[in-house]
Structures are given as C-alpha cells and as structure tokens.
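> Before I ask anything, let me first share the structure, which is written out below as structure tokens.
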Amino acid sequence: MTPGLRLVAGADGVRAEGDKEARLGHALGGHRLDDGPPQEGVFAAWEWDGERLLVRNDRYGMYPLYYRADTGSLALSPDPLSLLPAGEPAALDHDALAVFLRLGFFLGEDTPFAAVRALPPAATLTWTRDGLRVTSAAPPVPGPARMTAAEAVDGFVELFRAAVARRLPAEPYVIPLSGGRDSRHILLELCRQGAPPRLCVSGAKFPPDPGADARVAADLAARLDLPHLTLARPRSQFRAELFANPAQGMGTLDGAWMLPLLAYLRRHTGVSYDGLGGGELAQNPSIQLIRDNPYDPSDLPGLADRLLAAGRTGRHVEHLLGPRTGRLWSLERARARLVPELARHAGAAFPLGSFFFWNRTRRSIALAPFALGGDRIVIHTPYLDHALVDHLASVPHRFLIDGTLHDQALHRAYPEHAGLGFAAAVPQRHGPHLFAHRLAYLVRLLTHGLSAEPAWWRSPEPVLPRLLAAGRGPGAAPRVSRLQPLALYLLQLESLAAGGTGRRSP
C-alpha cells in the first residue's frame, strides 16, 4: 500500500487522513527529519504532529515525493496519481508536457499535472492551517575546480572507495550487474573491500538491444568466481509499459524492461546497489549529443531547439499532435520552459552534464529503483555520495568532453580487468527480429484499444489514427517505433486527466 497523507483545515481544526508519519528510502545516519544538511542516502520523510506537517528529503531529491496544495488542504505521496481528485478531471501542465514529449523527462519540479509538484532537492516543506512553505537547501551548481587530469581520476577512485566503504552490506545480498561501467565499478569495489555478493543478476532490454549486457556481465562474474543469473525480459513490451507508466507516476517512458529484475530483487535480497548518477556525472551517455551541441550561454534558445529536436522523439512527436495539442504542447512552449532550466547550469563545470544530472537522472532514471522497485529493500547509491558528487561535478569540462573519465578510473583502480569491454560497444540488432517486435507492439496497442479501452478510439485527439498515419512514407519503421510508447503514454494520460485510474497489473 502506497503511503500518503491528506490534511484538510476546517472550522473545528485540521482533519488528517492517511499516514501521519512516513520514513521512505534509506538514510545512512541520523534522523531523516533532523535540521541541518540532509543525511547521506536517498530518502524522504514526513511527520504530522497535529498542528504542523514537516517534510524533508535527500540532498538531490532523488526519492520521488509529490505534493498538492489547495486552499486549506495539502496532500502528499510518493505516487502523484493518488493526489488527483478521484473521478474528476485533472488539469494538465502544458508547458511541462511540451518538454517531456520531446526529451522524455520532466524538468525541475514539473509533473504532467498542473496542481501536483515534485518535492525539490534538499527540501523542507512545512504546512499548517495558515499555509504552505517550501524551501530547498540544494547545493549550488559548482564551477570547475583547479585540478589536473590525474587528480580528477585519482579523486574519483579514492572517493568512490570511501563511498562504498560507507555502504558495506551487513548481510548476504544480490547485486544487479549490467555490461556497463557503473555497476561494474560497484561490484569490483565491493569485492576489493571483501564484501562480494552471493549472486549477480542481469536483466534483458527490449529490441533493438543486442543482449550484450548479460553476456558481458556473465563474463565479469566468471572472472570473479561469482554466480550469475540472467532474467528474461518481459514477454510484451506493450504490457510492461502499460503497467510501468502509471506505476512511475507518468514521469518517464523508461524503466519497463527492469520489472523482472526489480521483482527478483524484492523476493531475494534485503539490500542491493544501484549505479544511479554514475553515468551522468562521470561518463555521460549523451556525450556525443553534448559534443555536437556545445553549451553556448549566449544562444540558449538555439541550444534548446537542438536538444528538443535530438530528444527521445524529436520532431517525430508532431505526427501525434493535432491542432489543439499541437498548440498546447508546441515547440515554442517547450523552448520557453527549457531555456531557464538550461540557464541554471551556466556556471557549472560541465553545464550539460549538470543539466542532465539534475533533470534526467533525478526525474526519470531514479523512478525505476525507487518507484517501480518499491520500498521493501535498502538500495545503496554510492555515486550519490555527497563528497563524490561534489568532486565529479567540479571536474573541468576538458576532462569530461572526451567521454573517458570513468574508463580511466576503472583501469587505474582495477588494471586486471582493463581488457574486458563494455556492452555499449556492441551494435544494436536490426532486421526481421526487430520488425516483428515492433509489429507485435503495434498490434497489442491497437487491439487493447478495441477490447479494453474503446474510448481510445473515440478520443477528441485521435492518437491511434495519427500513429497509423505515421507509418506511411520514408523512415516509417523507426518513426513508428519511437512513437508507439509515446502514443500509449498519451492515451493513458488522457484517461487520467478525465478522471480514470490508469492502473494495471504487472
């Protein structure tokens, strides 16, 4: 049962419905509601004492927590959909959606819903019958530090070791392992410190992923003489996303492939690890995009346009928008919302890396472990160790733009494994297999609309007919492949905005 609290002020006092206190996520030390800087860890907490509500969260706002403040009332929950009025229409945040539909993640504290806000990083929220107050003590974006390339790498190695040492397990555990850098670094350091897992487990992504993640992970586990298990991917991408979208509060288009992995962890371990933040901070997965679109503070509108065009759906999104939604979710509105967020990172050592960390990492990637994963196990996130983040966020641009900092740190710390490559180097798998997968998704989407959601075909904004129309002309196959998950998202969002529940079984 998802925790939540609703407070309503009336003539006789304040009526409290739900959980008067909650402790979510994991803090390494102290009390989550203590005054002062937030503790290490990813967490959120609240307490209602009968007169005042106090809410606090972690330094980076990674644990998803949302609130809705109306006249004389406040509602709070890690599930933003539970804050919508039951059976009543919900107004959408059109500026926020204009960005999301192109980039695939929300900015700042935006959500799809005008009345629902995410809690800011390092926030303190207080509410009494006299009103609401929200403050954020998030650290300022650091500028470049004076350091050499060797100092950048050595600092990464030593501070990561200290971060893992602060998070050593007190019991046998299972660790997720991919073919990438972040989980490899965690595993190697845990083994170096004498705390190997009892099992490494890998998930499988949807096509066109070539399946190299599990193969590389199995190779690493064998080198370390550790057992390894590969889980099958969800049988239907459509069914997985049908569940994962509302389960993650309609905050991301990602994460559905992780459902079997997260379910396995919930059943088989009480503690685990996640590489959240490692990519964006140390070796950004969007490094080619960043190279192609250098941060120019004198032309942020131009940069915004290029990022929006290169985003998850880019210009393809226009195929799904009609006259009304095209106006409400226009490129102009997206640009106007994106430019001030880009400007916040002008002084950062690596401006676009900072932008992606505080927005994509926080508002999209964090949802899988902490929304889909639930709160049943302790999930350690060593890359979010405060001292390590401070170091990586201040590494000068010139040491990050070549996209090799994490490789250098891994080779420096564990030279015996330097010859093992990474899954990202394996080309994606195209051809008949991918075509069959995409076609199966489309058929399931259309038939689900006919059998379970006939309103999808009667929508005033005909998303499904537009999706079918997008399948004509040059480039149809990759275009429809990008648009299908977004079409499902828009149909679910329309149902929620009309007062539906949007909930499905996994």
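> Quick test of your reading of the structure: VAL216 fulfils all but one of (1) open to solvent by less than 30 Å² (accessible area, probe 1.4 Å); (2) closer than 13 Å to ALA423 by Cβ; (3) without any contact (Cβ under 8 Å) to a residue 40 or more places away in the chain. Name the failing condition by number.
(3)
> Among the helices (runs of 4 or more DSSP H) confined wholly to the stretch 281-343, which include 1 or more residues that are touching a His at 6+ places or on another chain (Cβ under 9 Å) and not β-branched (Val, Ile, Thr)?
323-328, 331-343
> Another question about this same structure. Which of the following residues is within 22 Å of ALA348 (Cα to Cα), in contact (Cβ under 8 Å) with a residue 12 or more places away in the chain and open to solvent by less than 40 Å² (accessible area, probe 1.4 Å): PHE113, PHE106, PHE100?
Criteria check complete, one pass: PHE106.
> Still on this structure, I have one more. For the stretch 4-23, enumerate the residues that are surrounded by 19 or more Cβ atoms within 10 Å (Cβ to Cβ) and either under 25 Å from the mean Cα position of the chain (by Cα) or among the polar types (S, T, N, Q) (or both).
LEU5, ALA22
> While we're on this one: State the number of residues belonging to the stretch 413-460 that are farther than 24 Å from ASP209 by Cβ, open to solvent by 80 Å² or more (accessible area, probe 1.4 Å) and of a type in the set (Phe, Trp, Tyr).
The total comes to 1.
> Hey, LEU76 hits all of (1) out of contact with any Phe, Trp or Tyr (no Cβ under 7 Å at 6 or more places or on another chain); (2) in a strand (DSSP E or B) but one; which does it fall short on?
LEU76 satisfies every listed condition except (1).
> Quick check on this structure: which one of LEU187, LEU220 is under 27 Å from PHE156 (Cβ atoms) and either more than 23 Å from the chain's Cα centre (by Cα) or not in a helix (DSSP H, G or I) (or both)?
LEU220
> In addition: Counting only residues that are in contact with a Pro (Cβ under 6 Å, 6 or more places away or on another chain), give me the helices (runs of 4 or more DSSP H) lying completely in the stretch 379-494 with at least 1 of them.
386-393, 432-451
> Now for a different question. Any idea which residue in the stretch 301-326 is farthest from PRO462 (Cα to Cα), counting only those that are charged (D, E, K, R) and modelled with pLDDT under 90?
Selected residue: ARG312.
> Name the residues in the stretch 28-42 that are touching a Gly at 6+ places or on another chain (Cβ under 6 Å) and crowded, with 22+ Cβ neighbours inside 10 Å, would you?
Hit for the stretch 28-42 is VAL42, nothing else.
> Can you run down the residue pairs with Cβ atoms below 9 Å, 6 or more apart or on separate chains, where the first is in the stretch 38-50 and farther than 21 Å from THR2 by Cα and the partner is surrounded by 18 or more Cβ atoms within 10 Å (Cβ to Cβ) and acidic (Asp, Glu)?
Every condition considered, the pairs that remain are PRO38/ASP58; GLN39/ASP58; GLU40/ASP58; GLU40/ASP385.
> A follow-up question, please. Residues of the stretch 219-237 being within 17 Å of LEU445 (Cα to Cα) and either surrounded by 21 or more Cβ atoms within 10 Å (Cβ to Cβ) or β-branched (Val, Ile, Thr) (or both), which ones?
The answer is PRO234, GLN237.
> Here is a further query. Go through ASP95, ASP110 for me and flag whichever is within 23 Å of the chain's Cα centre (by Cα), part of a loop (DSSP other than H, G, I, E, B) and at pLDDT 95 or above.
Among ASP95, ASP110, only ASP110 is within 23 Å of the chain's Cα centre (by Cα), part of a loop (DSSP other than H, G, I, E, B) and at pLDDT 95 or above.
> Quick check on my filter: what residues within the stretch 237-256 are assigned to a helix (DSSP H, G or I) and of a type in the set (A, V, I, L, M, F, W, C)?
PHE238, ALA240, LEU242, PHE243, ALA244, ALA247, ALA256
The values are calculated or read from the model by the stated rules, or taken from the named source; none is laboratory data. Nothing here was measured: the structure is a model prediction, and the numbers come from that model. For neighbour counting, all protein chains shown are included, and Cβ atoms are generated from backbone atoms with ideal geometry for every residue, glycine included. Keep in mind that these areas ignore ligands, DNA and RNA; they rest on the heavy atoms of the full protein, side chains included. Shrake-Rupley method; radii C 1.70, N 1.55, O 1.52, S 1.80 Å.
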